[in-house]
Amino acid sequence: MKQTSASVRARLVEIVVPVHNEQRVLAESVRRLHAYLSGNLPYGFRVTIADNASTDATWRIATGLSRELPHVHAVRLDAKGRGRALRRVWSASDADVVAYMDVDLSTGLEAFPPLIAPLLSGHSDLAIGTRLSQGANVVRGPRREIISRTYNLLLRSAMGARFSDAQCGFKAARTEIAQALLPAVEDEEWFFDTELLLLAERHGLRIHEVPVDWVDDPDSRVDILRTALDDLRGMARVTRKTLSGAAGIPVPPRVRQARLPTG
């Protein structure tokens, strides 16, 4: 049976934008994201701004955007943590695919349709943008470059990871897959992504990678060194958990075998 445009539109993708004190860029970024999705995505979409306990005007701007733009929603959390925000929204989502991207939109939005396409077709289970594979176009300083490459090299050499870029803030998953994995993911902050991907690989799930165009935000307030140290502690915790056998949490068969209609 031929798929109609109405049936394609019935598919829903939810994009989470986690924010903490981002009053400077929030409105411009969400309007740009909304305009791109409205003009280029052949599916229904929802943009959810997840405010992580901001103390500036971020929440006021987020609620204003939710009133101004169709399909834009806002939720507020009382504690910081990107993983905490993603867990909150993804665990309650009714979309076919859940995704997230950083509020500065450092990753080119043209990579978003290729990111979600294999998830909507049922070919893959999770998808990540990668700055470290052939075809990626990246502009960033040498310090960030060295730290990122070293971290991902550690993941591959010490933990056997096969994905190339754990830290790129541009990821998506089939919702039922994400919701099956979330209870086993402990981290609530920056290591959340890595832990989710390691758990997915351990259960034989497919991770699709998309080379991206990525431009470093010079005004980013992320503490790169502290984040890297937290990630290393997370790696040690996951390793201990794996060796003890506690990480062997099975993905339900219905999730493993689930296939969305071909898009």
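The values are calculated or read from the model by the stated rules, or taken from the named source; none is laboratory data. The structure presented is a predicted model; accordingly, all values stated were derived computationally and were not measured. No Cβ is skipped: glycine too gets one built from the backbone with ideal geometry, and neighbour counts run over all protein chains shown. Surface areas here come from the heavy atoms of the whole protein model, side chains and all, with no ligands, DNA or RNA. Shrake-Rupley method; radii C 1.70, N 1.55, O 1.52, S 1.80 Å.
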Residues located in the range 40-55, provided they are surrounded by fewer than 17 Cβ atoms within 10 Å (Cβ to Cβ), among the polar types (S, T, N, Q) and either under 27 Å from Leu120 (Cα atoms) or in contact with an Asp or Glu (Cβ under 6 Å, 6 or more places away or on another chain) (or both): Asn40
Reported set for the range 57-72 where residues are closer than 24 Å to Trp190 by Cβ and either without any contact (Cβ under 8 Å) to a residue 40 or more places away in the chain or surrounded by fewer than 16 Cβ atoms within 10 Å (Cβ to Cβ) (or both) is Thr58, Trp59, Ile61
Residues that are at pLDDT 95 or above and either at negative phi or open to solvent by 40 Å² or more (accessible area, probe 1.4 Å) (or both): which helices (runs of 4 or more DSSP H) entirely in the range 78-197 hold 2 or more of them? 82-92, 112-120, 175-181
For the range 26-39, which residues satisfy the criterion of being open to solvent by 50 Å² or more (accessible area, probe 1.4 Å) and in contact with a strand residue (DSSP E or B) (Cβ under 9 Å, 6 or more places away or on another chain)? Ser38
